[in-house]
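Student: Just passing along the structure, written as structure tokens.
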Amino acid sequence: MDGLENSLDDASADGSTEFPDRVSQMEARLQTQEDEITLLKSSLADALRRLRMHDEQIPLLRQHLIAVNPAAARALNHACYSDGFSRTRKLSNNSLTDSPRFSATSRAAHPGEGELMGGEGTLFETLSQKAETESRATQTEWTLPGQPLGKEKVVLAQTRAALSLSLEDALHPDVPVTEEALEKEEKVEPSFTSLVDEPPIVPSCIKALSQAGFRQESSLQPRRDSPEVQSEARVESSPTGLASPGPRSHPLSSVLEGVKTPLVRRTNSCDKLLKEAQDRPQKQKLGRKAASATNLLSRSTSLENRAKDLISSSGSSGSRRGTYGQGHSIKMFIRGRPITMYIPSNIQNYEDLKMEQPSEKLELDWVYGYRGRDCRANLCLLPSGEAVFFIACVVVLYHINKRTQRHYLKHTDCVRCLAIHPDRVRVASGQSAGVDKDGKALQAFVHIWDSCTLVTLQQIGLGSFERGVGCVAFSHADSGALLCVIDDSNEHMMSVWDCAKGTKQLEIKSTNEAVFAVEFNPNDSNNIITCGKSHVYFWTMSGGALSKKQGIFGKYKKPKFIQCFVFSGTGDVLTGDSEGNILTWGKSAADVKTLGKGAKETYQIMRQTRAHEGSVFTLFVLQGGGILSGGGKDRRVIRWSVDLAPERECEIPEKFGAVRTIAEVDGEELLVGTTRNAILKGTFSDGFVAIVQGHVDEMWGLATHPSQNIFLTCGHDRQVCLWNTEDHRLEWTTTLEESGLCADFCPNGSVVSVGLNTGRWVVLDLQTIEVISDYTDGNEQLSVMRYSPDGSFLAVGSHDNFIYIYTVTENGRRYARLGKCTGHSSFITHLDWSKDGKYIMSNSGDYEILYWDVAGGCKLLRNRFESKDREWASYTCVLGFHVMGVWLEGSDGTDINALCRSHSERVVAVADDFCKVHLFQYPCPKPKAPSHKYEGHGSHVTNVCFTHNDSHLISMGGKDTCVLQWKVTQGGVGGTLDCSSSVSSTSISSQEAAI
């Protein structure tokens with residue numbers, strides 16, 4: 001038999017009934033486990049990176065301290081080492097007035113120090129005066145070499161409280177520490193992880209000991225074991241009274257070692273703490289390289305929590321906002337992971353920002369595609385000259401001669417079937433049930449609507465249909481008073497409804513096998529026929545009940561699938577099956593010999609006609625009584641006479657696939673829907689040409705031309721398609737060897753780069769459609785291609801966690817590897833170039849935001865704070881301060897697949913996982929920002945992109961294989977943003993422009 005057609009039939013018949021729940025549950029569980037593993041890996045990598053950055057800054061801070069004030073460095077270094085440990089010991093709460101002593105000789109040896117440590121109005125004097133109120137019985141004093149006890153004293157506890165080193169100092173040395181953060185830090189209790197033997201954390205007294213205008217004298221006497229220090233520290237007075245050091249512009253000196261002298265301790269608690277620390281086993285004093293993974297993790301956690309305490313504000317625990325030194329930072333959480341966003345300098349008061357809906361709105365302008373791959377009887381012609389078909393959640397009314405579209409948009413999930421009322425005006429369309437964003441099943445229904453006004457007349461069966469609606473049909477003998485519906489449940493429940501009242505007349509279980517079609521007998525509304533997998537049922541309504549009789553195949557081979565049926569002009573039933581035959585059915589007297597006494601009349605095969613090689617997918621009755629049949633494997637359309645004698649035939653081009661359905665335009669012209677999602681128009685004499693085309697598998701790659709009204713799409717079907725937004729047609733299509741997942745036009749507009757799922761990427765010439773360059777980066781799929789604004793660089797983001805940078809020459813026809821950006825701990829998802837073409841902002845699968853200096857050698861910019869004011873040529877990264885408000889509370893990090901900022905930088909469009917397109921104002925930095933929300937897609941929206949002049953927005957669905965073109969309007973329907981937008985088409989939507 002025909003293997004190809006049988007496989008197609010099996011997929012369409014059994015795909016929705018065999019183990020869907022179990023497979024989906026297993027896939028969801030596996031995905032959840034993979035997400036958790038990825039999050040754990042990324043958290044560990046982030047903690048290690050923070051720890052490494054912290055450790056790298058400690059020597060630099062020591063050297064800077066020495067450069068500013070060597071005497072204070074020796075004193076504080078002496079305090080850190082005097083108890084025999086390499087850590088900075090936190091004093092107990094009753095040791096708040098510890099004070100070191102400084103001699104006049106020591107001050108004389110270091111001119112300028114008196115201003116900081118002994119002069120009036122200095123910070124130390126202020127702290128000393130404050131300490132006078134504390135009990136002198138609990139002081140701990142320290143002594144400098146050669147200095148007698150009993151001289152001027154400085155409160156040691158206050159000094160440590162003001163000068164203690166924090167992780168924030170290490171990460172950002174240019175930003176002062178607030179007093180609230182220091183108070184928090186002083187209250188931290190000693191932990192086991194703080195006792196690990198490691199280089200000491202020298203207190204950061206730079207901010208406290210340095211004052212505005214302080215300049216170290218060059219006449220300082222250098223120590224015997226250290227080089228002479230000549231430096232200048234620039235400081236600014238902070239709001240809290242602490243000073244902030246200026247940027248370093250000179251070599252830093254090595255750490256100066258002071259002479260250690262014992263502390264004079266006056267409290268039992270301090271002695272006890274010292275004794276306990278000294279008595280700890282030596283095995284706890286592990287070297288940094290010998291520390292176990294457990295110690296490393298716990299220490300990293302401690303550092304991260306310490307940083308969190310310093311960054312977070314003292315507001316409520318649910319607040320996303322925090323402060324960071326002189327600048328501000330905002331925190332958002334995705335799956336429990338904090339992501340810090342730094343507020344740009346031009347935003348003075350973040351709390352006062354008001355998020356509003358943008359004045360721009362979207363109106364559906366055009367729908368590209370047709371659902372023919374898995375649906376039957378989905379193409380009809382109205383008396384108005386419009387062809388009715390559906391894709392995703394949209395029912396399209398396409399005027400064949402005028403080339404315009406109207407759209408019925410009242411469905412909330414994918415449309416699965418439609419039927420035309422006998423009056424040729426009303427239309428019934430049924431949809432799938434679908435699920436909401438929480439995975440809860442929604443309710444399927446059937447809408448009866450007016451094709452002239454696009455007004456919904458009746459909603460049928462809300463809550464009555466399980467999984468979805470598979471087939472619908474109007475009765476004919478009674479002028480369409482009844483509607484028959486078969487749902488997609490396991491029992492394929494068949495129900496009959498009153499169209500005028502919207503009430504259910506009766507319901508019955510039809511079969512456990514797949515059902516492909518249902519129709520009323522045109523001469524008797526009490527007779528209904530259904531067909532599907534291995535069956536033809538003849539139903540009779542009587543007394544408010546339905547009874548069925550199965551068609552008897554008798555001596556003929558029973559086919560696996562009965563694909564379609566029609567009523568001939570003579571009243572016979574003709575069926576097309578998977579064996580390529582047209583069977584003629586008739587009613588006959590009961591065979592008493594076979595069925596026994598009392599047997600009733602049966603429906604049997606009267607005639608078998610060989611029609612096609614492979615399945616007969618569709619049958620259509622012409623106005624003159626002739627029959628049209630469409631084949632699967634042979635792709636032929638055959639015209640038959642009333643008595644089933646072949647008259648004419650035509651073969652559909654192979655690139656369009658098999659024949660799915662047929663509609664008659666006039667006496668000669670036909671419309672043909674194909675299994676590769678195309679609609680053809682033509683005649684037997686002249687052949688057929690495509691008037692509607694689309695992708696046949698999931699799409700991800702989308703790019704708009706930098707100066708023309710065209711855009712490019714690519715997907716898992718290996719097709720690359722170039723579309724014209726003005727003429728609404730497919731300019732060209734080519735098939736690659738592998739699936740295309742991302743694309744971008746070169747700024748000069750002559751070539752386009754397409755990233756594939758194997759690590760390869762190719763460059764296509766737009767005019768010749770030839771591959772002019774072919775490169776490979778890694779062996780994993782590519783997720784983003786992005787040219788720099790001037791076209792001199794190309795960035796390629798891969799699932800191997802790297803960003804590959806290429807130099808571009810010869811107008812985009814020659815590429816040379818410049819470098820590789822290494823630093824992400826998960827796959828690259830999005831990236832953007834700065835307006836000057838020197839920097840890149842990137843997102844990864846573990847919700848990380850990194851910045852790269854491409855001009856400086858593809859280096860990672862570790863201080864993200866410095867990039868807060870950088871301007872970006874495009875904005876497609878889903879994580880960033882300017883787009884933080886597009887995320888909903890509780891998002892899992894994959895809810896937003898893509899976003900795109902308009903070229904005017906006024907709005908940002910968002911593609912989410914719940915079939916919605918959102919339009920936010922830009923920037924959108926506050927949570928719960930309002931937006932305009934638009935429906936139309938029947939699957940996750942994979943990408944969005946504005947055209948070069950912002951006149952249209954292109955959105956692309958995943959499994960629905962649908963491309964929607966939205967017109968951007970200003971302040972309401974009709975006011976387009978760009979006067980060059982097309983006026984050759986009209987889109988009249990039944991949905992409001994703003995939802």
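The values are calculated or read from the model by the stated rules, or taken from the named source; none is laboratory data. In this text, all values refer to a predicted model and were calculated from it rather than measured experimentally. When we count neighbours, we look across all protein chains shown, and the Cβ atoms used for this are built from the backbone with ideal geometry, even at glycine. Side chains included, ligands, DNA and RNA excluded: accessible areas come from the protein's heavy atoms. Shrake-Rupley method; radii C 1.70, N 1.55, O 1.52, S 1.80 Å.
Student: Which number in (1) open to solvent by 30 Å² or more (accessible area, probe 1.4 Å); (2) part of a strand (DSSP E or B); (3) not charged (D, E, K, R) marks the one condition that Gly667 misses?
Tutor: Tallying (1) open to solvent by 30 Å² or more (accessible area, probe 1.4 Å); (2) part of a strand (DSSP E or B); (3) not charged (D, E, K, R), Gly667 fails exactly one: (2).
Student: On the given criteria, is Thr674 at pLDDT 95 or above and either among the basic types (Lys, Arg) or out of contact with any Lys or Arg (no Cβ under 6 Å at 6 or more places or on another chain) (or both)?
Tutor: On the way: at pLDDT 95 or above: yes; either among the basic types (Lys, Arg) or out of contact with any Lys or Arg (no Cβ under 6 Å at 6 or more places or on another chain) (or both): no.
Answer is no for this residue.
Student: If you check Gly430 against the conditions, is it open to solvent by less than 10 Å² (accessible area, probe 1.4 Å), more than 17 Å from Cys915 (Cβ to Cβ), in contact (Cβ under 8 Å) with a residue 40 or more places away in the chain and part of a loop (DSSP other than H, G, I, E, B)? Steps first, answer last, please.
Tutor: On the way: open to solvent by less than 10 Å² (accessible area, probe 1.4 Å): yes; more than 17 Å from Cys915 (Cβ to Cβ): yes; in contact (Cβ under 8 Å) with a residue 40 or more places away in the chain: yes; part of a loop (DSSP other than H, G, I, E, B): no.
When the stated conditions are applied, Gly430 does not pass them.
Student: Could you tell me how many of the residues in segment 465-474 are outside any strand (DSSP E or B) and buried (at least 24 other Cβ atoms within 10 Å of the Cβ)?
Tutor: The first filter runs over segment 465-474 and keeps only residues outside any strand (DSSP E or B), leaving 465-467.
Now restrict to residues that are buried (at least 24 other Cβ atoms within 10 Å of the Cβ): 465.
Of the residues in that region, 1 qualify.
Student: Can you confirm whether Arg901 is out of contact with any Asp or Glu (no Cβ under 6 Å at 6 or more places or on another chain), surrounded by fewer than 21 Cβ atoms within 10 Å (Cβ to Cβ) and among the basic types (Lys, Arg)?
Tutor: Working: out of contact with any Asp or Glu (no Cβ under 6 Å at 6 or more places or on another chain): yes; surrounded by fewer than 21 Cβ atoms within 10 Å (Cβ to Cβ): no; among the basic types (Lys, Arg): yes.
The answer is no for Arg901.
Student: Let me ask you something else. Applying the selection to segment 820-845, what residues are within 14 Å of Ser788 (Cα to Cα), crowded, with 23+ Cβ neighbours inside 10 Å and among the polar types (S, T, N, Q)?
Tutor: Ser842
Student: May I pose another question? Mind checking which pairs have a first residue in segment 797-819 that is under 19 Å from Ser783 (Cβ atoms) and buried (at least 23 other Cβ atoms within 10 Å of the Cβ) and a second that is at pLDDT below 95 and among the small types (Gly, Ala, Ser), Cβ under 7 Å, 6 or more apart or different chains?
Tutor: Pairs found: Ser798/Gly778.
Student: Please work out which residue is farthest from Gly759 (Cα to Cα), limiting yourself to segment 802-820 and to residues that are of a type in the set (A, V, I, L, M, F, W, C) and over 22 Å from the mean Cα position of the chain (by Cα). Walk me through it before giving the result.
Tutor: So in segment 802-820, the residues of a type in the set (A, V, I, L, M, F, W, C) come out as 802-803, 805, 808, 816, 818.
Now narrow it down to the ones that are over 22 Å from the mean Cα position of the chain (by Cα): 805, 808, 816, 818.
Numbers: Ile805: 14, Val808: 19, Ala816: 16, Leu818: 17 Å.
Looking at the filtered set, the residue picked out is Val808.
Student: Now a separate question. Here are some residues: Tyr398, Tyr368. Which one is over 27 Å from the mean Cα position of the chain (by Cα) and aromatic (Phe, Trp, Tyr)? Spell out how you get there, then give the answer.
Tutor: Details: Tyr368 fails: over 27 Å from the mean Cα position of the chain (by Cα).
Of the residues listed, the single one that is over 27 Å from the mean Cα position of the chain (by Cα) and aromatic (Phe, Trp, Tyr) is Tyr398.
Student: To continue, here is another question. Can you tell me which residue in segment 858-891 is most open to solvent (accessible area, probe 1.4 Å), limited to those that are assigned to a loop (DSSP other than H, G, I, E, B) and more than 27 Å from Glu356 (Cβ to Cβ)?
Tutor: Arg862
Student: Kindly provide the set of residues from segment 637-664 that are open to solvent by 20 Å² or more (accessible area, probe 1.4 Å), touching a residue at least 24 places away in the same chain (Cβ under 8 Å) and farther than 13 Å from Phe684 by Cβ, ordered by number.
Tutor: Once the filter is applied, which keeps residues that are open to solvent by 20 Å² or more (accessible area, probe 1.4 Å), touching a residue at least 24 places away in the same chain (Cβ under 8 Å) and farther than 13 Å from Phe684 by Cβ, segment 637-664 yields Val642, Pro653.
Student: Output the residues belonging to segment 337-387 that are of a type in the set (S, T, N, Q) and part of a loop (DSSP other than H, G, I, E, B).
Tutor: Filtering segment 337-387 for residues of a type in the set (S, T, N, Q) gives 340, 345-346, 348-349, 357, 359, 378, 384.
Residues satisfying the conditions are Ser345, Asn346, Gln348, Asn349, Gln357, Ser359, Asn378, Ser384.
Yes/no per residue for (1) touching a Cys at 6+ places or on another chain (Cβ under 8 Å); (2) under 24 Å from Thr570 (Cβ atoms); (3) in a strand (DSSP E or B):
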position: His476; (1), (2), (3): no, yes, no
position: Ser495; (1), (2), (3): yes, no, yes
position: Lys501; (1), (2), (3): no, no, no
position: Val518; (1), (2), (3): yes, yes, yes
position: Ser525; (1), (2), (3): no, yes, yes
position: Tyr537; (1), (2), (3): yes, yes, yes
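Student: Here's another thing I want to ask about it. One residue is enough: does segment 519-541 have a residue meeting the conditions open to solvent by 50 Å² or more (accessible area, probe 1.4 Å) and within 45 Å of the chain's Cα centre (by Cα)? It would help to see each step written out before you state the result.
Tutor: Of segment 519-541, the ones open to solvent by 50 Å² or more (accessible area, probe 1.4 Å) are 519, 522-524, 526, 540.
Okay, now just the ones that are also within 45 Å of the chain's Cα centre (by Cα), so 519.
Looking through segment 519-541, at least one residue is open to solvent by 50 Å² or more (accessible area, probe 1.4 Å) and within 45 Å of the chain's Cα centre (by Cα).
Student: Can I ask one more? Considering only residues that are of a type in the set (Ser, Thr, Tyr) and either under 21 Å from Arg817 (Cα atoms) or open to solvent by 50 Å² or more (accessible area, probe 1.4 Å) (or both), which ones fall in segment 846-857? Before the answer, list the steps.
Tutor: So the first thing to find is which residues in segment 846-857 are of a type in the set (Ser, Thr, Tyr), and the list is 847, 851.
The one that is of a type in the set (Ser, Thr, Tyr) and either under 21 Å from Arg817 (Cα atoms) or open to solvent by 50 Å² or more (accessible area, probe 1.4 Å) (or both): Tyr851.
Student: Would you pick out the residues in segment 446-464 that are open to solvent by 20 Å² or more (accessible area, probe 1.4 Å), outside any strand (DSSP E or B) and either in contact with a helix residue (DSSP H, G or I) (Cβ under 9 Å, 6 or more places away or on another chain) or closer than 28 Å to Asn490 by Cα (or both)?
Tutor: The first filter runs over segment 446-464 and keeps only residues open to solvent by 20 Å² or more (accessible area, probe 1.4 Å), leaving 450, 452-453, 455-459, 462-464.
Next, only the ones that are outside any strand (DSSP E or B) stay: 452-453, 455, 462-464.
Across segment 446-464, the qualifying residues are Leu462, Gly463, Ser464.
Student: If we keep just the residues of segment 482-491 that are open to solvent by 10 Å² or more (accessible area, probe 1.4 Å) and in contact with a strand residue (DSSP E or B) (Cβ under 7 Å, 6 or more places away or on another chain), which is farthest from Leu418 (Cα to Cα)? It would help to see each step written out before you state the result.
Tutor: To start, the set of residues in segment 482-491 that are open to solvent by 10 Å² or more (accessible area, probe 1.4 Å) comprises 482, 488, 490-491.
If we keep only those that are in contact with a strand residue (DSSP E or B) (Cβ under 7 Å, 6 or more places away or on another chain) too, we end up with 482, 488, 491.
Values: Leu482: 15, Asp488: 15, Glu491: 21 Å.
Here the residue is Glu491.
Student: Right, next: Please work out if Thr456 is of a type outside the set (Gly, Ala, Ser) and within 23 Å of Gly576 (Cβ to Cβ). Steps first, please.
Tutor: Values: of a type outside the set (Gly, Ala, Ser): yes; within 23 Å of Gly576 (Cβ to Cβ): no.
Against the criterion (of a type outside the set (Gly, Ala, Ser) and within 23 Å of Gly576 (Cβ to Cβ)), Thr456 does not qualify.
Student: Take the residues in segment 905-954 that are closer than 23 Å to Tyr350 by Cα and out of contact with any strand residue (DSSP E or B) (no Cβ under 9 Å at 6 or more places or on another chain), then tell me which one is most open to solvent (accessible area, probe 1.4 Å).
Tutor: My answer is Lys928.
Student: Filter segment 513-567 down to residues that are without any contact (Cβ under 8 Å) to a residue 40 or more places away in the chain and among the small types (Gly, Ala, Ser), then give me how many there are.
Tutor: Summing the residues that are without any contact (Cβ under 8 Å) to a residue 40 or more places away in the chain and among the small types (Gly, Ala, Ser) in segment 513-567 gives 6.
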